Amino acid sequence: MRCLLVGLLVLVACDKDTTPPAEKVGGKYVVTKETVFFDSGCSQERKADGKLKKKTKFTLVKASDGCWNIKLDSEDEVYIVPERVAPAGG
């Protein structure tokens with residue numbers, strides 16, 4: 001059982017999709033896997049307000065304590081935990 005737990009921890013630790021990229025305010029990013037969003041801050045104590053689909057593009061407005069305020073192409077601003085995002089190419 002211990003080996004299984006250690007193996008799972010190694011897999012999660014090595015998953016590049018959960019490692020946030022460098023924060024660059026004004027930078028363009030893309031969602032790499034479906035990601036939940038919040039309308040008023042990244043609260044772990046309440047339900048998410050929705051989900052962003054894979055390949056959703058956005059601009060970083062502000063980053064603080066592992067929570068990003070982002071602006072979607074639709075002009076909406078929401079908050080995410082940047083675990084499943086990458087810099088947008090081109």
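For the range 66-78, indicate whether the set of residues that are out of contact with any helix residue (DSSP H, G or I) (no Cβ under 6 Å at 6 or more places or on another chain), within 21 Å of residue 19 (Cβ to Cβ) and among the hydroxyl-bearing types (Ser, Thr, Tyr) is non-empty.
So far as the range 66-78 goes, no, none of its residues is out of contact with any helix residue (DSSP H, G or I) (no Cβ under 6 Å at 6 or more places or on another chain), within 21 Å of residue 19 (Cβ to Cβ) and among the hydroxyl-bearing types (Ser, Thr, Tyr).
Any idea how many residues of the range 36-88 are touching a residue at least 40 places away in the same chain (Cβ under 8 Å), part of a loop (DSSP other than H, G, I, E, B), touching a Lys or Arg at 6+ places or on another chain (Cβ under 9 Å) and surrounded by fewer than 16 Cβ atoms within 10 Å (Cβ to Cβ)?
Residues in the range 36-88 being touching a residue at least 40 places away in the same chain (Cβ under 8 Å), part of a loop (DSSP other than H, G, I, E, B), touching a Lys or Arg at 6+ places or on another chain (Cβ under 9 Å) and surrounded by fewer than 16 Cβ atoms within 10 Å (Cβ to Cβ): 2 in total.
Could you say whether any residue in the range 15-27 is modelled with pLDDT of 90 or more and of a type in the set (D, E, K, R)?
yes
The values are calculated or read from the model by the stated rules, or taken from the named source; none is laboratory data. Computed from a prediction, not measured in an experiment: that's the story for all the values here. For neighbour counting, all protein chains shown are included, and Cβ atoms are generated from backbone atoms with ideal geometry for every residue, glycine included.
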